Amino acid sequence: MIKLDNIGLTFTRDGEQTEVLRGLTLAIPAGHLVAVLGPSGVGKSTLLRVIAGLLEPNTGGVTLDITPDRNKLSVAMVFQDARLLPWRKVWSNAAFGLEHGQLSSAERRAKAEAALALVGLAGFSERYPHELSGGQRQRVALARALAVEPEILLMDEPFAALDAITREGLQDELARIHAATRKTIVFVTHSIDEAVHIANEVVVLAGRPAHLTAKVTIDAPQPRRRGGAETADLVARLRAELLEPAA
Ligand SMILES: Nc1ncnc2c1ncn2[C@@H]1O[C@H](COP(=O)(O)OP(=O)(O)OP(=O)(O)O)[C@@H](O)[C@H]1O
Ligand SMILES: [Mg+2]
């Protein structure tokens, strides 16, 4: 579904070059939720932007195995901050990604409402972003991405700015949505616990330039228990990998 083949990326700024990614190869099967785990500044957002086609890699290539559909966006992205339009009501923010297609306004509204229900915001449609909590705003951003029914969902630390309780709630919700929709999701995070709680597979991005230093499959069924014995070894292993990445 998503194939990264020997991705390399170097930024050039004022004649100075920073090699951020080198030799990244990864295949993500359709329907998987893969967490990309790595420390701040390592190149996680850069990698996500390469997958989204927002950045052209210097070496290698990205293959997205998607069905082209003129009425639909195949790839949607959720950012660290909600990035809502403050002058639009919640439902209209959630419908934003549908506006370039051929849908009638009633159809757009219906899809937006369905996505809002999926993230637990039924009944909030008529509010404005400033009338929501931060966690609710982040849910609207998730609904906006889900409303277009993308085949691939790219998420860049979407819950990082939230308090621990809200964050855990949204992680559970995402795991539930993934189980219900079976979308292919790439989820960037610097939290080991978050990665282990939601993902089928965790890859570790480390080093300078960054490359993938570990790939761990997590078979524990959802819903998962936090801090459970079945994932304790995994957490320890990923922690070691982050602290001392294998060469
Ligand atoms: N447009 C750019 N020009 C030059 N350097 C850049 C550019 N964008 C990012 N970088 C550099 O690339 C490196 C990786 O940045 P990136 O945003 O991918 O990190 P990250 O892993 O997402 O970090 P965080 O967890 O803090 O979001 C950093 O050293 C950053 O300074
Ligand atoms: Mg980032």
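Compactness ratio for segment 161-207: Cα radius of gyration over 2.2 N^0.38 Å (N = residue count) comes to 1.18. Taking amide H atoms as placed 1.01 Å from N in the peptide plane, the amide H of Ala214 lies under 5 Å from those of Val204, each 5 or more residues away in sequence or on another chain. For segment 62-120, the alpha carbon positions stretch 36, 30, 21 Å along the principal axes, listed from largest to smallest. The length gained by stretching the chain between Ala106 and Arg226 to full extension, at 0.36 nm per residue less their Cα-Cα distance, is 39.1 nm.
Sequence-ordered 3J(HN,Hα) estimates for segment 6-17 from the Karplus curve with 6.51, -1.76 and 1.60 and θ = phi - 60° stand at 6, 5, x, 9, 10, 8, 10, 9, 6, x, 9, 9 Hz, glycine and proline given as x. Only lysine pairs 8 or more places apart or on separate chains count here, and in the chain those with Cα atoms under 17 Å apart total 8. Kindly work out what percent of the DSSP beta bridges joining two residues of the chain are antiparallel, to the nearest 5. Here the antiparallel bridges make up roughly 50 percent for the chain.
For segment 85-150, the Stokes-Einstein estimate of translational diffusion at 25 °C and a viscosity of 0.890 mPa s comes to 217 µm²/s, using the Kirkwood hydrodynamic radius over alpha-carbon pairs.
Once you keep just the Cα pairs under 8 angstrom separated by 6 or more residues, what percentage relative contact order results for segment 85-150? Relative CO of segment 85-150 lands at 48 percent.
Within the chain, the selection of entire DSSP H helices by a Cα span of 18 Å or greater along the long axis and an average Kyte-Doolittle value of at least 0.0 returns 229-243. A simple packing score, the average count of other Cβ atoms within 10 Å per residue, orders the peptides 9-19, 121-131, 23-33 as 23-33, 121-131, 9-19, with the highest score first. Relative contact order of the chain, taken over Cα pairs closer than 8 Å and 6 or more residues apart, is 26 percent. The mean sequence separation of alpha-carbon pairs under 8 Å and at least six residues apart, normalised by the residue count of segment 133-218, gives a relative contact order of 25 percent. Counted by neighbouring Cβ atoms within 10 Å, the residues Lys44, Lys215, Lys89 run from fewest to most as Lys215, Lys89, Lys44.
In angstrom, the C-alpha Rg and Dmax of the chain are 18.2, 55. A helix-only calculation puts the chain at -10000 deg cm²/dmol for mean residue ellipticity at 222 nm, using -39500 (n - 2.57) for each DSSP H run of at least four residues, averaged over all residues.
Each reported figure results from applying straightforward, stated rules to the coordinates on display, with no laboratory input. Quick caveat: nothing in here was measured; it's all calculated off a predicted structure. All Cβ positions, glycine included, derive from the backbone under ideal geometry; neighbour counts span all protein chains shown.
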